[in-house]
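Participant: Sharing a structure below in structure tokens format, with a few things to ask.
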Amino acid sequence: MEANQMNSTMLAFVGDSYYDLKIREMLCKSGVNKPNRLHQLAVKYVSAHAQATTLAYLIEIEFLTEKELEVVKKGRNTKSRSVPKNTDVLTYAHSTAFEALIGYLYLTEQFDRLDAIVSKSIEYKNGVTN
């Protein structure tokens, strides 16, 4: 199935995994070697709140293309069957939109653009987290 034919939930499923892996890779390369500390640091990047604020930042600085904004809008409007545990529905919707964007870029093999968005996301979170 082509990425353009996948629903946003499927894109977010892939995007969640990819983004989580990239964050874990970055943290491991940073020299942190304690599993508990790695987890604590990862949450600052991959939590629903972190992803939602990162997406808002990328939109605010006009970093996303029209097509990417289209994917984000579809992802944000996806109806979820699950209830978020540690966040509100709006934040969860925006984090799903961020994950759908990452999944879309991965599945359409836009790896340079994917790297640019992941890098910009990490830079942003490094600027607002301790």
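The values are calculated or read from the model by the stated rules, or taken from the named source; none is laboratory data. Predicted model only: the values in this text are computed from it and were never measured. Methodologically, a virtual Cβ is constructed for each residue, glycine included, from the backbone with ideal geometry; neighbour enumeration extends over all protein chains shown.
Participant: Among the residues of the stretch 17-37, is any of a type outside the set (Val, Ile, Thr), in contact (Cβ under 8 Å) with a residue 60 or more places away in the chain and over 19 Å from residue 127 (Cα atoms)?
Facilitator: Yes - at least one qualifying residue is present in the stretch 17-37.
Participant: Then there is this: Could you go through the stretch 21-31 and let me know if any residue there is buried (at least 19 other Cβ atoms within 10 Å of the Cβ) and either under 12 Å from the mean Cα position of the chain (by Cα) or among the β-branched types (Val, Ile, Thr) (or both).
Facilitator: Yes, the stretch 21-31 contains a residue that is buried (at least 19 other Cβ atoms within 10 Å of the Cβ) and either under 12 Å from the mean Cα position of the chain (by Cα) or among the β-branched types (Val, Ile, Thr) (or both).
Participant: Looking only at the stretch 64-74, decide whether some residue is touching a helix residue (DSSP H, G or I) at 6+ places or on another chain (Cβ under 9 Å), at pLDDT below 95 and either of a type in the set (A, V, I, L, M, F, W, C) or surrounded by fewer than 13 Cβ atoms within 10 Å (Cβ to Cβ) (or both).
Facilitator: Within the stretch 64-74, none of the residues are touching a helix residue (DSSP H, G or I) at 6+ places or on another chain (Cβ under 9 Å), at pLDDT below 95 and either of a type in the set (A, V, I, L, M, F, W, C) or surrounded by fewer than 13 Cβ atoms within 10 Å (Cβ to Cβ) (or both).
Conditions tested, residue by residue: (1) touching a residue at least 24 places away in the same chain (Cβ under 8 Å); (2) among the hydrophobic types (A, V, I, L, M, F, W, C); (3) more than 19 Å from residue 127 (Cα to Cα).
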{"residue": "62", "(1), (2), (3)": "no, no, no"}
{"residue": "75", "(1), (2), (3)": "yes, no, yes"}
{"residue": "89", "(1), (2), (3)": "no, yes, yes"}
{"residue": "100", "(1), (2), (3)": "yes, yes, yes"}
